[in-house]
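The values are calculated or read from the model by the stated rules, or taken from the named source; none is laboratory data. Nothing here was measured: the structure is a model prediction, and the numbers come from that model. So basically every Cβ, Gly included, is an ideal-geometry build from the backbone, and we count neighbours across all protein chains shown. Ligands, DNA and RNA are stripped out before the accessible areas are found, and what is left, the full protein with its side chains, is counted by its heavy atoms. Shrake-Rupley method; radii C 1.70, N 1.55, O 1.52, S 1.80 Å.
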Amino acid sequence: MKIGISFDLKPENIPEGFPEDIYEEFDSEKVVDALKKTIEGFGHEVSLLGGGKSFIDKILKERPDFVFNIAEGFGTRSREGHVPSVCEMLSIPYSGSDPLALNITLDKEICKRFAKSLGIKTPFFKVIKNKKEIKNFKFKYSLCVLKLKDEGSSIGLRLSSRVNSLSELKEKAEELFNKYNKPLLVEKFIGGKEITAGIIGNENIKFFGLMEISPKKLKNSEFLYSLEVKRNFKEEVEYIVPPDIPERTQEEIKRAVLKLFKFLGLRDFSRFDFRLDENYNPYFLEINPLPGLNPETSDLPIMAYKMGFKYEEIIKNILESAFERYGIKG
Ligand SMILES: Nc1ncnc2c1ncn2[C@@H]1O[C@H](COP(=O)(O)OP(=O)(O)O)[C@@H](O)[C@H]1O
Ligand SMILES: [Mg+2]
């Protein structure tokens, strides 16, 4: 089968005037190489389609039978839907979730509102849409986290994003608008353990794991899995599988994951982030329907290795999940 890989590569240099973390979601050549070799290893022919406008030229020219999609898109809140939308328009089957699910999950506010409506606990939150709203903004908890509503990969999120007063919050919000000019989500800080859940499959779940992300240098009550921590993860955190948390907490997280996965119509693979309070009650933070697949640094592969899976098995399970949905015999 001819499989195209769609992806966005991190450019070597950040263009003038852009924040230094603006391409944090994008992949390195290492990831694309690893995917290419792995998929070729399954006996397929692989073509590299890239992302953005040139993806359109390439897919029209190459006409692959299937697209393995890890493209994040660029610019708008609907960016993750760009590549899958083109595949749908051309009736080319592709891996991962559809544009609707990808776009809903990218907007952290909308996704939290869905979670709440399904009875899933999520930290109390408010949105600051623009700079003008900062002046009269009130929040009932002084200890909170400020993040960009429609970003991922901890773009705009540093350890200093955990603030402890309204004045600090307003100062930080001002800074974020000056740097990114994008809507902000303010959330109550939940200070217990951090747990991420990974799932591969659909009706037939092939992989379901939980991993604790435990800070090496900070207390949980001071910790954020922020950009500087993610970039320096070997020194900053320890990954614990299975997590050292009560059975009932694990069950509650798994129930929340399955409910959201089904309700939003997520497909093939995803990662879900949670924080626990001091009584081990889980609070849902966000969904990553295109979780990183870097064989060395991404959370989903790290979790899967600790559960005895190899990189090839992770990719095979994602591919097979997608093939099964379409009734494709790989
Ligand atoms: N309300 C919160 N309470 C405690 N920690 C939080 C909260 N929101 C975010 N964090 C921390 O910040 C990290 C990144 O936030 P997240 O919502 O997962 O966004 P991203 O898309 O950038 O990964 C989380 O993994 C967690 O460590
Ligand atoms: Mg996250």
Subject >> Listed residues Glu12, Glu171, Glu320, most fluctuating in the chain (Gaussian network, C-alpha, under 10 Å) >> reply: Glu12
**OP:** State which entries of Lys10/Lys121; Lys10/Lys219; Lys179/Lys230; Lys188/Lys306; Lys206/Lys310; Lys149/Lys230 exceed 23 angstrom in Cα-Cα distance in the structure shown.
**Re:** Lys10/Lys121; Lys10/Lys219; Lys188/Lys306
Original post:
Cβ under 14 Å from Asn181's Cβ, Asn181 left aside: what net charge do those residues give with Lys, Arg +1 and Asp, Glu -1?
Top reply: +2
**OP:** Give me the distance between the Cα centres of region 103-118 and region 81-98, rounded to whole Å.
**Re:** 22 Å
Subject >> With every protein chain in place, region 191-326: carbon and sulfur % of accessible area (1.4 Å) >> reply: 48 percent
Subject >> Label point distance in nm, Ile92-Glu16, each placed 7 Å from Cα along Cα→Cβ >> reply: 3.6 nm
Original post:
How far is it, in nm, from the label point at Phe74 to the one at Ser165 when both lie 7 Å from their Cα along the line to the Cβ?
Top reply: 4.1 nm
**OP:** Note the direction-averaged projected area, equal to a quarter of the hull surface, for the Cα convex hull of the chain, in nm².
**Re:** 16.4 nm²
Subject >> Inter-label distance for Arg63 and Lys129, nm, one decimal - labels placed 7 Å from Cα along Cα-to-Cβ >> reply: 4.7 nm
Subject >> For the chain, accessible area per residue (1.4 Å probe, heavy atoms of protein chains only), Å² >> reply: 45 Å²
Original post:
Along region 15-29, what does the Karplus equation 6.51 cos²θ - 1.76 cosθ + 1.60 (θ = phi - 60°) give for ³J(HN,Hα), rounded to whole Hz, x for Gly and Pro?
Top reply: x, 3, x, 9, x, 5, 9, 5, 9, 4, 6, 6, 9, 8, 4
Original post:
Rounded, prolate or oblate: which one fits region 2-94, using the alpha carbon gyration tensor with axes a ≥ b ≥ c (rounded when a/c is under 1.5, else prolate when a/b beats b/c, else oblate)?
Top reply: oblate
Original post:
How far, in nm, would the chain grow between Glu313 and Arg325 when pulled straight, counting 0.36 nm per residue and subtracting the alpha carbon separation?
Top reply: 2.5 nm
Original post:
Counting only protein heavy atoms and using a 1.4 Å probe, what share of the accessible area of region 2-94 belongs to carbon plus sulfur, as a whole percent?
Top reply: 51 percent
